[in-house]
1. With a point put 7 Å past each Cα toward its Cβ, work out how far residue 69 is from residue 44 in nm, to one decimal.
2. Set the Förster distance to 41 Å, then compute FRET efficiency between residue 86 and residue 26 from the Cβ-Cβ distance, nearest 0.05.
C-alpha cells in the first residue's frame, strides 16, 4: 500500500487554513480574531455556534441582504425585481390551478 504524502505547498495551505491559536477572553467576554484570519474572511462579522464543549466561529457577510442579492444574481439573470415578482406570481397561480384539478 502506497503512503500518501503532502507536498510543501499542500502542507503550507493546510497549516494556513487550519491555524490554531490560543486566544484570551477579556473580562467583558470578548475574543479578538487574528488579523490574518479577518483579512482572509473579508468580513467584520462572525456567527458563533455553541457546540456544547466548544465554539465554532464562522464568517458571515457584513450586509446579508446584499450578499443574498449577489448569491441569486445568476439565477435571476438580467431580470429586474418587478419581472421576477411577476414570474413568481404566475408560477404560484399555475401551481394553484394544478392543485384544483
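No lab work stands behind these numbers, since they all come straight from the coordinates. The model shown is predicted, which means the values in this text are computed figures rather than measured ones. Positions of Cβ are backbone-derived with ideal geometry, glycine not excepted, and every protein chain shown enters the neighbour counts.
1. If labels sit at residue 69 and residue 44, their model points lie 2.0 nm apart.
2. Values: r = 52 Å, r/R0 = 1.27.
Taking R0 as 41 Å, the efficiency between residue 86 and residue 26 is 0.20.
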